[in-house]
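Notes for the one structure printed next.
The values are calculated or read from the model by the stated rules, or taken from the named source; none is laboratory data. This is a predicted model, so every value here is computed, not measured. Just so you know, the surface numbers come from the protein's heavy atoms only, side chains and all, with ligands and any DNA or RNA stripped out. Shrake-Rupley method; radii C 1.70, N 1.55, O 1.52, S 1.80 Å.
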Amino acid sequence: MRKIESGNLGGRRVTSNKKPAPHLKEDFFTEHLPYEISMLRATYDLMRAQRPAAEHNAFVLSFLLHARNLIEFYKDRPSCDFDPRMFTNPSFHLNRDFISDGLVAKISKQTSHLTAKRISQAADELGPRDWALILRALEEETTRFVKSLTGEYAGKWLMHQPQTAAKKERTEPSPATFVLRRANLPATQAAKG
C-alpha cells in the first residue's frame, strides 16, 4: 500500500508547517538540492570502482549520507527543513513509500553514530544491489518531483543543473571557432583560405 499525501485539500495548498526564510528556500533549491543529487550520482560511480578499502568505505559512506539527505527531503521528514511541496504544483503528493522502510533503516544503521544499533557485520552492510536500488528509487523520485515543479522553479531547476560533457561541447566553442569569430570569418571561408 502506497502512502501518498495530498498536496491539495479542497483547493488549499497543504504542506508541512515548515516556513524557511525566502533566501534559505532559494539557496536550498538552487544550491543544496542540486549538490546532493550530483554528489549522490558521483559517489555511486566512485564507490563501484576498485579502490583501497579506506577510499571505498569513504565513498560508500558519502553515497549513503547524500541518499539519506534526499530521502529525508522527499519524505518531508522533520530532520529536513524543506518540504518538496514548497516547490511543486498543488497536484504533487508526497510518496512516503518510494523507497522501502527496511532499506532506509539499513542506511541509517550503516551511517549512524557509535551506538549499539550500528551495523557491525559485513553481511548486514548494504552492497552493490542495495546501492542500485537506492539510486534508482531516488532518481525516480527526483524525476517525479521535477515534473511537478511550478513554472518558476522549473526554470530555476534547468538553470542550476550541472552540464554534461556533451552539453559543454555544444555550448563552449572550440578555440579555433573563437579565433574565427574574432576575425569575422565564417568557418567555411577560413577553410578555403
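On a 19 Å Cα-Cα criterion, which of the cross-link pairs Lys25/Lys156; Lys75/Lys106; Lys18/Lys75; Lys19/Lys106 come out too long?
Over 19 Å Cα-Cα: Lys19/Lys106.
What Kirkwood hydrodynamic radius, in Å, does region 37-115 give when the mean of 1/r is taken over all pairs of distinct Cα atoms and then inverted?
14.0
What is the gain in length, in nm to one decimal, between His23 and Ala154 on full extension, counting 0.36 nm per residue of separation less the C-alpha to C-alpha distance?
Length gained between His23 and Ala154: 45.4 nm.
Could you go through region 91-107 in sequence order and give the Karplus-derived ³J(HN,Hα) for each residue, using 6.51 cos²θ - 1.76 cosθ + 1.60 with θ = phi - 60°, rounded to whole Hz, and x for Gly and Pro?
My calculation for region 91-107 gives 6, 6, 10, 5, 10, 6, 10, 5, 9, 5, 4, x, 5, 4, 5, 5, 4 Hz in order.
Suppose accessible area is computed on protein heavy atoms with a 1.4 Å probe; arrange Asp76, Asp124 from highest to lowest.
From most exposed to least exposed: Asp124, Asp76.
Name the residues whose placed amide hydrogens come within less than 5 Å of the amide hydrogen of Thr88, ignoring near sequence neighbours (fewer than 5 apart) on the same chain.
Thr150
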